[in-house]
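The values are calculated or read from the model by the stated rules, or taken from the named source; none is laboratory data. These numbers were taken from a predicted model, which means no experiment stands behind them. Cβ coordinates were reconstructed from backbone atoms using ideal geometry, including for glycine residues, and neighbour counts include every protein chain displayed.
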Amino acid sequence: MSWGLQSRMARIIRGDGHGVMLAVDHGYFMGPTRRLEKPRETIAPLLPHTDSIMITRGVLRNCVDPKADVPVVLRVSGGTSILNEDLSKEAVTTSVRDAVRLNASAVALSIFVGAPHEHQSLVALGGLVNECEEIGLPVLAVTAVGKELEKRDARYLGLATRIAAEFGAHLVKTYHCDDFHKVVEGCPVPVVIAGGPKLDTEMDAFQLTYDAIHDGAVGVDMGRNIWQNDHPVAMIRAVRAIVHEGASVKEAGDVFRSLREGKKGRK
Ligand code: R5P
């Protein structure tokens, strides 16, 4: 691994081997997702509390202050919207050259294993890794399941994450599931988990984070469970406590409640 690639990876996965990535790229196929309708307002208060941000170039350019010192994981794949039954028809939509121009620390692309456009998404991953290896830019592969959330089991996610690593991804994003440790064990590169749709309670999100870290994930790439909460800053700081400080689920709950009580409202 080149020095530049290692250096960029270290901006995402920090010195303690863990990382909190804030996912705000949902609009690329979901449009103005609830509570991400005005991205600038959602993102700004969370920036001081995240290690990196996963985002598209359109929202980055228009809604994030270029002076903000936050490592960018730039989503570079897309091509279908939530209106389409099959979400797998994605291709690379943002060039590596533009990623560099935007000072990205990594690029992210979805693969759709087992879906109608599996082949094109995997070939796109291989091509992107080829290009990014040339310049030392890490590639995050997202094991996307489209609308089939029930696909999230260890057998499927183990297959998808392993294929992503075999194609050369430097980091893989997947979902937590029963027997998640088997997914991690079968994937020779670091794994982060997405939060998925907002869970019923904050404690559910903390339990998910705790289980993922204890099963071997290096961190989270979490969106809706943070910014769809009434107290997004309290949420991300509590998630951070689990990821970076070894907090228990109960301790994360205490962090959340003390911050929530201290600052009422969407702060
Ligand atoms: C979805 O495809 C996006 O890539 C999100 O970045 C990802 O799902 C993580 O966000 P959330 O925690 O809201 O699932």
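So, in region 145-184, of the ones that are in contact with a Cys (Cβ under 6 Å, 6 or more places away or on another chain) and assigned to a loop (DSSP other than H, G, I, E, B), which residue ends up farthest from P197 (Cα to Cα)?
Here the residue is D153.
What about Y175, is it within 15 Å of the ligand (Cβ to nearest atom), hydroxyl-bearing (S, T, Y), surrounded by fewer than 24 Cβ atoms within 10 Å (Cβ to Cβ) and under 30 Å from S121 (Cα atoms)?
It is true that Y175 is within 15 Å of the ligand (Cβ to nearest atom), hydroxyl-bearing (S, T, Y), surrounded by fewer than 24 Cβ atoms within 10 Å (Cβ to Cβ) and under 30 Å from S121 (Cα atoms).
Considering only residues that are away from the ligand (no atom under 12 Å from the Cβ), on the phi < 0 side of the Ramachandran plot and part of a loop (DSSP other than H, G, I, E, B), which ones fall in region 9-62?
Answer for region 9-62, where residues must be away from the ligand (no atom under 12 Å from the Cβ), on the phi < 0 side of the Ramachandran plot and part of a loop (DSSP other than H, G, I, E, B): I13, R14, G15, D16, H18, P32, E37, K38, T50, D51.
Against the condition at pLDDT 95 or above, on the phi < 0 side of the Ramachandran plot and touching a Cys at 6+ places or on another chain (Cβ under 8 Å), how does A212 come out, does it pass?
Answer is no for this residue.
For region 49-69, which residues satisfy the criterion of being under 17 Å from the mean Cα position of the chain (by Cα) and surrounded by fewer than 19 Cβ atoms within 10 Å (Cβ to Cβ)?
Residue satisfying the conditions is H49 alone.
Take the conditions buried (at least 16 other Cβ atoms within 10 Å of the Cβ), touching a helix residue (DSSP H, G or I) at 6+ places or on another chain (Cβ under 8 Å), in contact (Cβ under 8 Å) with a residue 40 or more places away in the chain and not in a helix (DSSP H, G or I) and apply them to L128. Does it pass?
Against the criterion (buried (at least 16 other Cβ atoms within 10 Å of the Cβ), touching a helix residue (DSSP H, G or I) at 6+ places or on another chain (Cβ under 8 Å), in contact (Cβ under 8 Å) with a residue 40 or more places away in the chain and not in a helix (DSSP H, G or I)), L128 does not qualify.
Out of all the residues in region 232-259, which are within 16 Å of the ligand (Cβ to nearest atom) and free of Cβ contacts under 8 Å to residues at least 40 places away in the same chain?
M235, A238, I242
Listed residues N229, N225; which is under 19 Å from A23 (Cα atoms), of a type in the set (S, T, N, Q), within 12 Å of the ligand (Cβ to nearest atom) and outside any loop (DSSP other than H, G, I, E, B)?
On inspection, the qualifying residue turns out to be N225.
If a residue has to be in a loop (DSSP other than H, G, I, E, B) and charged (D, E, K, R) to count, how many in region 90-111 make the cut?
Looking only at that region, the number is 1.
Which of the residues belonging to region 1-13 are surrounded by fewer than 17 Cβ atoms within 10 Å (Cβ to Cβ) and modelled with pLDDT of 95 or more?
Those that are surrounded by fewer than 17 Cβ atoms within 10 Å (Cβ to Cβ) and modelled with pLDDT of 95 or more: W3, G4, Q6, S7, A10.
Looking only at region 70-89, filter to residues that are of a type in the set (G, A, S) and in a strand (DSSP E or B); which one of those is nearest to the chain's Cα centre (by Cα)?
Across region 70-89, the extreme among qualifying residues is S77.
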